[in-house]
Amino acid sequence: MLRLRDTIRLHNGIEMPRLGLGVYKVEAGQQVEETVRTALELGYRSIDTAAFYQNEEGVGNAVRESGIDRKELFITTKVWNRDQGYDETVKAFDLSMKKLNLEYLDLYLVHWPVKGKYVDTWRALERIYKEGRVRAIGVSNFKIHHLEDLSANSELKPVINQVELHPNLSQPELRAYCKENEIAVEAWSPIARGRILDDPILTKIAENHHKSTAQVILRWHLQNDVVIIPKSVTPARLKENIDLFDFELNAGEMEQIDALNRNERFGADPDHIDF
Ligand code: NDP
């Protein structure tokens, strides 16, 4: 039986909540502070931000002001593409920590595999990890070939790979590779930013369970052992997106959702990024 506060154990032994809040496109300042505050009140314990989102300061403020024991929370941020490279990444980490104003970070990710740079960037993450300033290090938007390259050229293995993942891009090969290599998988745009909420198959499954389409998709991820970080600034949706624990998709429904895969990205292809 899955529960809201369930965690997955990362390969370095650290526990990470299976469900968190993503704050991409949440405005710095009041909006992000209010959103994180509401989410924490509702029971969220994990927040996914990034230097690129420019709202780390507000995330840190809301976390500190919540009064929740820091050990109960799980905070992720990421090094942005133009800050990649060994020295640059160490500096970028320091800046993120200054903005977050937290004693330590739970998870630091390489945001995208910037060609020619991500291995050096990863080495900087290894150093930061060994210094004890972050509890776990991982990557984002890495394809299998990036993970293999990293494995051949570095000491530590990423604990997690955060990638675009939803029913139209269910990434079966990447998920299998990560499972074999004990790398957890985390979905960004888990509900495809709302683009597939009218899908007739998803809608039918949702009706059968008296749940919303978004809830069905999020439950599908959880049953696949994928970590999810749906974003919302709408209190009712923040509540809806964690109300996933009073129903279960059966094997047939899981297969029907798996069959919606079209290998279709809504976001950028990690092999062709120009940002
Ligand atoms: P999501 O799939 O989480 O969708 C967010 C959108 O869906 C928002 O417009 C939100 O609207 C709406 N929404 C949320 N819940 C519901 C609901 N229950 N019913 C209907 N609509 C809903 O997309 P994101 O791209 O934001 O991905 C989630 C997180 O993943 C990001 O916030 C970020 O943390 C991370 N991410 C990481 C990337 C990477 O490269 N590593 C790239 C992109 C995202 P509203 O807010 O108005 O309620």
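Any read-out appearing in this document is the output of simple, stated calculations on the displayed coordinates, not a laboratory observation. Computed from a predicted model, the values in this text were never measured in an experiment. Cβ: placed from backbone, ideal geometry, glycine included. Neighbour counts: every protein chain shown.
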About its Cα centre, region 77-144 carries a charge dipole, from +1 on Lys and Arg Cβ atoms and -1 on Asp and Glu Cβ atoms, whose size in debye to the nearest 20 is 180 debye
Helix-only [θ] at 222 nm, the chain, -39500 (n - 2.57) per DSSP H run of 4+, per residue, nearest 500, equals -11500 deg cm²/dmol
Gyration tensor on Cα atoms of region 1-91, a ≥ b ≥ c root eigenvalues, a/c under 1.5 rounded, else prolate if a/b beats b/c, else oblate, says oblate
In terms of the alpha carbon gyration tensor, root eigenvalues a ≥ b ≥ c, rounded if a/c is under 1.5 and otherwise prolate when a/b exceeds b/c or oblate, region 89-177 is prolate
Other residues with Cβ under 10 Å from the Cβ of GLN162 give, with Lys and Arg +1 and Asp and Glu -1, a net charge of -2
Diffing region 174-189: the Karplus 3J(HN,Hα) column from phi (6.51, -1.76, 1.60, θ = phi - 60°), in whole Hz with x for Gly and Pro, holds 5, 5, 5, 4, 5, 4, 4, 9, 6, 9, 5, 10, 10, 8, 9, 6
per DSSP, antiparallel bridges as share of beta bridges in the chain, % nearest 5, sits at 15 percent
Here region 34-41 yields Karplus 3J(HN,Hα) values (6.51, -1.76, 1.60; θ = phi - 60°; whole Hz; Gly and Pro given as x) of 5, 5, 5, 4, 4, 4, 5, 5
In whole Å, largest first, the alpha carbons of region 173-275 cover along the principal axes 40, 31, 24
Mean separation of Cα contacts under 8 Å (at least 6 apart) over the residue count of the chain, i.e. the relative contact order in percent, is 19 percent
Counting only residues 5 or more apart in sequence or on a different chain, those whose built amide H sits under 5 Å from that of GLY22 are ASP48, LYS231, SER232
For ASN141, the net charge from surrounding residues (Cβ-Cβ under 13 Å; K, R +1; D, E -1) works out to 0
FRET efficiency (ASP246, ALA268; Cβ distance; R0 35 Å; to 0.05) is 0.45
Quick note, the chain: a/c under 1.5 would make it rounded; otherwise a/b > b/c is prolate and the rest oblate (a ≥ b ≥ c, C-alpha gyration tensor); here it is oblate
Net charge near ARG3 (other residues with Cβ under 15 Å of its Cβ; Lys, Arg +1; Asp, Glu -1) is -3
